[in-house]
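Trainee: Would you mind keeping the following structure in view while I ask a few things?
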Amino acid sequence: MHLVLTGWRMLVYSPRRLLLSCLGIAFAVVIMFMQMGFFNGLNDSQANLARILDADLVMSHRDKDNLKSTEEFSRKRWRQALAAPGVASGAAVYASASYWWNPQDGSRNRVLVLGIDPDNPGLRLPQAAGFPQSLKRADTIFYDRRSRRELGNILPGMESTLGQARVKVAGLFDLGANFSYEGHVIAGNETYFHVFGHRDPQRLTDGISLGLLRLLPGADREGVRRNLLHTLPDDVLVLTREELEARERAYTTRATPVGIIFGTGLAVALVIGIIICYQLLFNEIQDHLRQFATLKAIGYRARHLYLIVTSEALLLSMFGFLPGVVAAAALYTVVERLSEIVMDLSPGRILFVLMLTLVMGSASAAFAVRQVIRLDPAELF
Amino acid sequence: MTMADSQIRDHDLHHPAGAQAGAGNDAVTVRDVDFYFGSGDSARRVLHNINLRILRGQIVIMTGPSGSGKTTMLTLIGALRSLQQGSIRCFDTELRGLSLEQQVGVRRNIGFIFQSHNLFESLTARQNVHMALELRTLPEADKHRLADRVLGELGLAERLDYRPGRLSGGQRQRVAIARAVVNTPPLILADEPTAALDKDSGREVIDLLRRLADEQRCTIIIVTHDSRIMDAADRIINLTDGRISSDLDVRRTLYICQFIKQCPVFKDMLLNDLTDVAQHMELQSFAAGSEIIRQGDAGDRFHLIYRGTATVSVRQNGASREVATLNSGDFFGELALLRDEPRNATVSAATDVETFSLSKGQFLAAVRDHKSFEEQMANTMFSRRA
Ligand SMILES: Nc1ncnc2c1ncn2[C@@H]1O[C@H](COP(=O)(O)OP(=O)(O)OP(=O)(O)O)[C@@H](O)[C@H]1O
Ligand SMILES: [Mg+2]
């Protein structure tokens with residue numbers, strides 16, 4: 001304990017050096033937060049669709065490896081599944097990419113259009129007023145308020161062009177843009193068929209994107225799934241909603257280099273932090289070589305000295321972490337506003353970065369303390 | 001009044017520095033120590049066959065030219081370096097062959113004082129002293145008490161919470177000493193403790209060490225070039241080129257000087273030469289009735305009577321005849337040495353006799369080097385009957 005206190009006293013003895021080092025560490029902490037924020041933002045926004053599905057099991061085309069792709073499967077399969085034992089009810093969701101014209105400046109952006117049955121939507125959007133009943137009127141849609149700003153400043157009652165059709169905004173919901181689409185639109189089935197009127201009507205109505213199934217209370221989910229996979233032809237995939245969400249979250253990391261990009265960013269930030277921290281410890285030890293050697297001469301062991309240096313490093317890391325977390329929180333809000341990517345600063349993530357920061361401190365201490373270990377107290381005389 | 005009753009009458013000349021004899025009194029025993037820096041062809045021998053016994057409670061000053069191996073010797077005694085050859089016993093621990101871990105254990109019983117104070121700038125005087133206490137399992141309150149008391153004794157009671165930056169050089173060195181002595185180590189090693197200090201501060205520090213040695217029977221070895229502090233030593237060891245070139249028991253020598261100075265032969269000698277002679281004198285005891293020198297023997301020593309009465313007798317034609325009585329302060333035995341002849345008389349102890357004696361070699365060297373001594377001798381030879 002006394003050694004920790006000594007580390008603390010040595011650290012705070014020169015406030016200027018401490019301040020500079022803190023800023024350096026705070027900088028590394030902010031970079032780590034940003035890298036992690038972007039990374040999580042990507043994954044979170046990829047998984048946002050999975051989260052609003054109201055289902056126990058989700059059917060999709062076998063090759064559909066993420067919810068933003070547009071493979072379709074036959075509605076008949078879903079109907080078959082509805083009849084299977086243990087299944088209570090279900091809903092079918094159409095999904096296709098289309099263009100949305102910005103009503104303010106006429107620019108065109110890709111959006112994902114979901115088609116649902118207003119009487120059986122299969123989506124949970126508690127914040128969306130009037131959903132899904134308002135979709136029963138022809139050519140009305142719900143617009144994702146958190147779509148990118150380039151899509152225009154959209155308010156209920158506005159009109160715009162979606163694909164081939166003129167549509168009217170019946171209401172707004174909250175989902176969030178992602179890296180595949182600039183925004184989301186939900187339409188009733190009739191409107192959906194109208195928007196994609198140029199396609200073959202037969203295939204359009206038959207090809208659903210997702211088949212949602214709700215099970216009877218007490219039904220064995222795993223059993224139902226196995227049974228479905230067994231009885232249906234093998235062109236469909238059946239996942240639990242949780243599996244789907246996990247798959248979605250991991251998808252970006254798996255299918256795109258963002259995981260590597262941001263992972264590298266995180267690692268680089270960590271290394272920067274270690275270097276900054278090591279630099280301070282190095283100077284600190286250089287300035288105290290004679291003192292450390294004296295301690296060794298009078299009977300301190302390596303682990304005592306290690307404790308002093310490590311306490312310094314960890315205290316310094318904490319000092320740097322606090323302003324870092326504050327700055328990161330501020331930056332998250334700004335980035336969220338500018339990029340419309342969800343930047344979620346959850347306690348778990350704060351803890352994660354804190355842990356990385358402490359790892360950073362201990363690692364630099366482990367490097368720096370070698371100087372002390374090598375020290376020969378006989379050279380003091 | 002005889003000369004034997006001079007000033008420091010009860011000084012025990014048989015046992016240097018007044019310490020009691022016996023192995024239990026040895027603080028440090030160095031035996032046949034050699035030390036090399038480097039290895040193989042580039043190995044350089046810096047210590048040659050060092051033998052040394054240092055008694056408890058002594059202050060030993062080690063001095064000598066730069067590069068003579070003083071610091072190396074100190075680091076060996078302090079278990080800061082591993083011994084290569086020979087043995088050093090530090091109290092009851094043999095240092096030869098200790099593991100690094102065991103060396104750390106030995107060092108915990110040694111107080112180290114360095115040329116620079118090596119205090120933590122960021123810690124107050126009290127906290128710096130605490131650094132030495134932290135290795136012990138003591139209640140926190142006791143540590144506080146100890147640190148404050150030691151600093152108080154060193155005159156730093158008002159400066160407990162000062163950082164080194166606000167202390168003078170002497171005060172800083174005193175804090176460093178407090179750190180070295182707060183655990184009351186039985187042995188203190190100091191390398192040039194006064195080199196960085198002005199005269200007064202240096203004096204302060206040395207007086208302090210003297211007090212520690214006297215009051216706590218702490219053994220102190222000081223390496224120094226500072227001639228101003230030699231007087232604090234019980235013993236001055238001179239190292240030259242890795243060898244002990246002289247080993248001076250200060251108090252004994254001073255005492256002998258005072259004694260022999262009253263003897264006409266040495267009266268006009270310079271103090272420096274006197275200490276040289278005194279240093280080489282050996283105290284010898286002879287029981288009443290025994291012969292100190294015998295007529296016809298080869299001359300080997302010069303004697304100066306310290307205590308007791310001796311009679312000189314000459315044997316001629318088979319008959320022995322007493323020719324003189326010698327008392328404290330009288331000397332004899334010089335003629336055989338100067339002339340390289342056999343003894344021309346027998347001197348026997350009438351009572352128990354103690355003499356300071358010089359070997360032939362040392363006697364001749366002294367005669368050669370000290371003009372006044374030679375003249376004195378010539379005079380006495382003249383006046384004395386052959
Ligand atoms: N670490 C070392 N490696 C090699 N040689 C050394 C080392 N330390 C000292 N020496 C050499 O050993 C010899 C004795 O050195 P030492 O430091 O013991 O001398 P010293 O008597 O303390 O001298 P000074 O009065 O200058 O302090 C010197 O010639 C020195 O150059
Ligand atoms: Mg030296």
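Trainee: Taking the condition surrounded by fewer than 18 Cβ atoms within 10 Å (Cβ to Cβ) and either within 14 Å of chain B (Cβ to nearest Cβ) or without any contact (Cβ under 8 Å) to a residue 12 or more places away in the chain (or both), does A:V309 pass?
Mentor: Working: surrounded by fewer than 18 Cβ atoms within 10 Å (Cβ to Cβ): no; either within 14 Å of chain B (Cβ to nearest Cβ) or without any contact (Cβ under 8 Å) to a residue 12 or more places away in the chain (or both): yes.
For A:V309, the condition - surrounded by fewer than 18 Cβ atoms within 10 Å (Cβ to Cβ) and either within 14 Å of chain B (Cβ to nearest Cβ) or without any contact (Cβ under 8 Å) to a residue 12 or more places away in the chain (or both) - is not met.
Trainee: Identify the single condition in (1) modelled with pLDDT under 90; (2) touching a Phe, Trp or Tyr at 6+ places or on another chain (Cβ under 9 Å) that A:V113 does not satisfy, given that it satisfies every other one.
Mentor: Answer for A:V113: the failing condition is (1).
Trainee: So in the stretch B:216-231, with the set limited to residues that are more than 17 Å from B:D249 (Cα to Cα), away from ligand 1 (no atom under 15 Å from the Cβ) and in contact (Cβ under 8 Å) with a residue 40 or more places away in the chain, which one is farthest from the other protein chains (Cβ to nearest Cβ)? Working first, answer last.
Mentor: Going residue by residue through the stretch B:216-231, those that are more than 17 Å from B:D249 (Cα to Cα) are B:216-218, B:225-226, B:228.
Applying the additional criterion that residues be away from ligand 1 (no atom under 15 Å from the Cβ) yields B:216-218, B:228.
With in contact (Cβ under 8 Å) with a residue 40 or more places away in the chain added as a condition, the list becomes B:217-218.
Values: B:R217: 21, B:C218: 16 Å.
Only one residue tops the list, namely B:R217.
Conditions tested, residue by residue: (1) surrounded by fewer than 18 Cβ atoms within 10 Å (Cβ to Cβ); (2) of a type in the set (K, R); (3) closer than 22 Å to B:Q279 by Cα.
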residue: B:I305; (1), (2), (3): no, no, yes
residue: B:N317; (1), (2), (3): yes, no, no
residue: B:S320; (1), (2), (3): yes, no, no
residue: B:V323; (1), (2), (3): yes, no, no
residue: B:E341; (1), (2), (3): yes, no, no
residue: B:F356; (1), (2), (3): no, no, yes
residue: B:S359; (1), (2), (3): yes, no, yes
residue: B:L364; (1), (2), (3): yes, no, yes
residue: B:R368; (1), (2), (3): yes, yes, yes
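Trainee: Let me spell it out: the conditions are (1) among the hydrophobic types (A, V, I, L, M, F, W, C); (2) modelled with pLDDT of 90 or more; (3) farther than 25 Å from B:C218 by Cβ, and B:M3 meets all of them except one. Which number is the exception?
Mentor: (2)
Table: residues versus (1) within 13 Å of chain A (Cβ to nearest Cβ); (2) surrounded by fewer than 20 Cβ atoms within 10 Å (Cβ to Cβ).
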{"site": "B:R136", "(1), (2)": "yes, yes"}
{"site": "B:L154", "(1), (2)": "no, no"}
{"site": "B:A180", "(1), (2)": "yes, no"}
{"site": "B:D200", "(1), (2)": "no, yes"}
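Trainee: Pull out all pairs, ordered by first then second residue, where Cβ-Cβ is under 7 Å, the residues are six or more apart or on different chains, the first lies in the stretch B:147-160 and is free of Cβ contacts under 8 Å to residues at least 12 places away in the same chain, and the second is crowded, with 22+ Cβ neighbours inside 10 Å and part of a helix (DSSP H, G or I).
Mentor: Going by the 7 Å Cβ cut-off, the qualifying pairs are B:A157/B:L151.
Trainee: Has the stretch B:110-129 got any residue that is of a type outside the set (A, V, I, L, M, F, W, C), part of a helix (DSSP H, G or I) and within 16 Å of ligand 2 (Cβ to nearest atom)? Don't jump to the end; show me each part of the working.
Mentor: Taking the stretch B:110-129 and keeping what is of a type outside the set (A, V, I, L, M, F, W, C), we get B:111, B:115-118, B:121-122, B:124, B:126-128.
Checking the rest, the ones that are also part of a helix (DSSP H, G or I) come to B:126-128.
If we keep only those that are within 16 Å of ligand 2 (Cβ to nearest atom) as well, we get none.
Looking through the stretch B:110-129, none of the residues is of a type outside the set (A, V, I, L, M, F, W, C), part of a helix (DSSP H, G or I) and within 16 Å of ligand 2 (Cβ to nearest atom).
Trainee: Can you tell me which residues in the stretch B:102-118 are at the interface with chain A (Cβ under 7 Å from one of its Cβ atoms) and farther than 17 Å from B:T72 by Cα? Walk me through how you get there before you give the answer.
Mentor: Within the stretch B:102-118, the first condition is being at the interface with chain A (Cβ under 7 Å from one of its Cβ atoms), and the residues that meet it are B:104, B:107-108, B:112, B:114, B:116, B:118.
Within the stretch B:102-118, B:V104, B:R108, B:S116, B:N118 qualify.
Trainee: Separate question: Under 6 Å between Cβ atoms, at least 6 apart or on separate chains: pull out the pairs that start in the stretch B:82-102 with a residue that is more than 26 Å from B:Q58 (Cα to Cα) and end on any residue that is modelled with pLDDT under 90 and buried (at least 17 other Cβ atoms within 10 Å of the Cβ).
Mentor: From the stretch B:82-102, no pairs qualify.
Trainee: Same structure, new question: Six or more apart or on different chains, Cβ atoms under 7 Å: show the pairs whose first residue is in the stretch A:290-306 and within 7 Å of chain B (Cβ to nearest Cβ) and whose second is polar (S, T, N, Q).
Mentor: Sorted first by the residue in the stretch A:290-306, then by its partner, the pairs are A:R290/B:S116; A:R290/B:N118; A:Q291/B:N118; A:T294/B:N118.
Trainee: Using beta carbons and a limit of 6 Å, which pairs, at least six apart or on different chains, have the first residue in the stretch B:41-70 and away from ligand 2 (no atom under 15 Å from the Cβ) and the second one part of a loop (DSSP other than H, G, I, E, B)?
Mentor: As it stands, the answer is B:R44/B:G38; B:H48/B:G242; B:L55/B:A19; B:R56/B:R217; B:G57/B:R217; B:Q58/B:D234; B:I59/B:A233; B:I59/B:D234, since those pairs meet every condition given.
Trainee: Counting only residues that are of a type in the set (D, E), give me the helices (runs of 4 or more DSSP H) lying completely in the stretch B:168-269 with at least 3 of them.
Mentor: Values: elements: B:169-181, B:199-216, B:250-261.
Qualifying helices (runs of 4 or more DSSP H): B:199-216.
Trainee: What pairs come out if I take residues in the stretch A:354-381 that are within 30 Å of B:A196 (Cβ to Cβ) and within 14 Å of chain B (Cβ to nearest Cβ) and pair them with residues that are within 16 Å of ligand 1 (Cβ to nearest atom) and of a type in the set (F, W, Y) whose C-beta lies under 9 Å away, six or more apart or interchain?
Mentor: A:P377/B:F112; A:L380/B:F112; A:L380/B:F114; A:F381/B:F112; A:F381/B:F114
Trainee: Could I ask something else about it? Given the conditions (1) within 14 Å of chain B (Cβ to nearest Cβ); (2) modelled with pLDDT under 85, and given that A:L18 satisfies all but one, which numbered condition is not satisfied?
Mentor: Just one mismatch for A:L18, condition (2).
Trainee: Give the number of residues within the stretch B:70-101 that are surrounded by 20 or more Cβ atoms within 10 Å (Cβ to Cβ) and away from chain A (no Cβ under 12 Å).
Mentor: 3
Trainee: Still on this model: Which of the numbered conditions does A:V334 fail, given that it passes all the others? Conditions: (1) surrounded by fewer than 16 Cβ atoms within 10 Å (Cβ to Cβ); (2) at pLDDT below 90.
Mentor: Of (1) surrounded by fewer than 16 Cβ atoms within 10 Å (Cβ to Cβ); (2) at pLDDT below 90, only one is false for A:V334: (2).
Trainee: If you take just the helices (runs of 4 or more DSSP H) that sit entirely in the stretch A:241-311, which of them hold at least 3 residues that are among the small types (G, A, S)?
Mentor: On the way: elements: A:241-255, A:258-287, A:289-297.
Filter on the stretch A:241-311 gives A:241-255, A:258-287.
Trainee: Take the conditions within 15 Å of ligand 1 (Cβ to nearest atom), touching a strand residue (DSSP E or B) at 6+ places or on another chain (Cβ under 7 Å), at positive phi and not polar (S, T, N, Q) and apply them to B:G78. Does it pass?
Mentor: no
Trainee: If I filter the stretch A:357-374 down to residues being buried (at least 21 other Cβ atoms within 10 Å of the Cβ) and of a type in the set (A, V, I, L, M, F, W, C), which single residue comes out as nearest to ligand 1 (Cβ to nearest atom)? Walk me through it before giving the result.
Mentor: Pass one, the stretch A:357-374, residues buried (at least 21 other Cβ atoms within 10 Å of the Cβ): A:357, A:360-361, A:364-365, A:368-369, A:372.
If we keep only those that are of a type in the set (A, V, I, L, M, F, W, C) too, we end up with A:360, A:365, A:368-369, A:372.
Numbers: A:M360: 36, A:A365: 28, A:A368: 24, A:V369: 23, A:V372: 19 Å.
Among those that are buried (at least 21 other Cβ atoms within 10 Å of the Cβ) and of a type in the set (A, V, I, L, M, F, W, C), it is A:V372.
Trainee: Also, I was wondering about something else. Mind checking whether some residue in the stretch B:242-263 is within 15 Å of ligand 1 (Cβ to nearest atom), in contact (Cβ under 8 Å) with a residue 24 or more places away in the chain and within 14 Å of chain A (Cβ to nearest Cβ)?
Mentor: Checking the stretch B:242-263: not a single residue is within 15 Å of ligand 1 (Cβ to nearest atom), in contact (Cβ under 8 Å) with a residue 24 or more places away in the chain and within 14 Å of chain A (Cβ to nearest Cβ).
Listed here are the residues, each with its yes/no results for (1) outside the structural domain of B:A190 (by TED's automatic domain parsing); (2) within 8 Å of ligand 1 (Cβ to nearest atom); (3) farther than 21 Å from B:R235 by Cα.
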position	(1), (2), (3)
B:L52	no, no, no
B:L55	no, no, no
B:L74	no, yes, no
B:Q85	no, no, yes
B:R89	no, no, no
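Trainee: Going through A:V342, A:V309 one at a time, which residue ends up being under 16 Å from the mean Cα position of the chain (by Cα) and of a type in the set (V, I, T)?
Mentor: Numbers: A:V309 fails: under 16 Å from the mean Cα position of the chain (by Cα).
Of A:V342, A:V309, the one residue that is under 16 Å from the mean Cα position of the chain (by Cα) and of a type in the set (V, I, T) is A:V342.
The values are calculated or read from the model by the stated rules, or taken from the named source; none is laboratory data. Please read all numbers here as calculations on a predicted model, not as lab measurements. Neighbour counts run over all protein chains shown; Cβ positions are idealised from the backbone, glycine included.
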